[in-house]
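What follows is a single structure, written as structure tokens, with notes after it.
The values are calculated or read from the model by the stated rules, or taken from the named source; none is laboratory data. All values reported here derive from a predicted model rather than from experimental measurement. Cβ: placed from backbone, ideal geometry, glycine included. Neighbour counts: every protein chain shown.
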Amino acid sequence: MPSRRNETPNRGGMTVEAPRPSLMKSYRPGLRSVVGASATAYGYTLTVGPTSMLLTGSYGPPEPLEVLLFCGGAIAAFALVGALAFGGMTEHFGDPPKRIQLWGSFHFLSVGLAVGAAYLVGAFVPSALGWPLGAFAATVTYLMAVGFENAAADLERRKS
């Protein structure tokens with residue numbers, strides 16, 4: 001006799017098998033979650049990698065101190081943009097989740113502008129200042145442009 005534990009009665013009194021959980025039905029929502037959570041880090045990775053490549057092309061391989069200066073420039077830029085966004089360094093962050101359209105996470109504009117800023121630093125600024133300034137310029141440009149991209153995507157979402 002077949003098991004009835006996965007069966008439920010419908011309105012006509014007939015029993016039908018309940019839908020079974022499926023890996024494929026769970027995969028897409030899980031994939032959406034990963035893409036959404038990774039979007040900004042993905043874009044910043046696409047900013048920092050080419051920035052370091054461009055600066056290396058302009059100045060040659062960095063010495064250990066120059067790597068630290070590069071990191072320091074990026075950290076200073078993140079702190080500056082964060083202070084501007086939150087009105088100071090003591091604020092907490094973690095707004096409720098927003099629904100942003102996927103195109104708002106492609107970062108074509110923000111990555112292009114950030115890498116362009118790093119290129120200009122590498123082309124016109126001497127090495128000692130160029131490493132921290134290149135990372136600073138790329139980070140500030142990326143974060144500010146992503147803010148505009150996210151605002152545009154959010155505005156488009158509100159219209160629909």
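Annotations for the structure displayed:
Yes or no, residue by residue, for (1) in contact with a Ser or Thr (Cβ under 6 Å, 6 or more places away or on another chain); (2) closer than 25 Å to Val34 by Cα; (3) at pLDDT 95 or above:
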| site | (1), (2), (3) |
| --- | --- |
| Pro97 | no, yes, no |
| His107 | no, yes, no |
| Val111 | yes, yes, no |
| Leu120 | no, no, yes |
| Leu133 | no, no, yes |
| Ala145 | yes, yes, no |
| Ala152 | no, yes, no |
| Glu156 | no, yes, no |
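- Contacts under 7 angstrom Cβ, first residue in the range 103-128 being within 22 Å of Glu156 (Cα to Cα), partner surrounded by 16 or more Cβ atoms within 10 Å (Cβ to Cβ) and of a type in the set (D, E, K, R), 6 or more apart: Gly104/Glu149; His107/Glu149; Leu109/Glu149; Ser110/Glu149
- Matching residues, the range 111-150, being among the aromatic types (Phe, Trp, Tyr) and farther than 12 Å from Val81 by Cβ: Tyr119, Phe124, Trp131, Phe148
- For the range 48-68, a residue qualifies if it is more than 26 Å from the chain's Cα centre (by Cα), more than 19 Å from Thr141 (Cβ to Cβ) and surrounded by 18 or more Cβ atoms within 10 Å (Cβ to Cβ), and exactly one does: Tyr59.
- Residue check, Thr56 part of a helix (DSSP H, G or I), within 29 Å of Gly36 (Cβ to Cβ), at pLDDT 95 or above and of a type in the set (Val, Ile, Thr): no
- Summed over the range 122-131, residues that are at pLDDT 95 or above and either in a helix (DSSP H, G or I) or among the hydroxyl-bearing types (Ser, Thr, Tyr) (or both) total 6.
- Looking at Phe70, Phe86, just one residue is at pLDDT 95 or above and among the aromatic types (Phe, Trp, Tyr), and that residue is Phe70.
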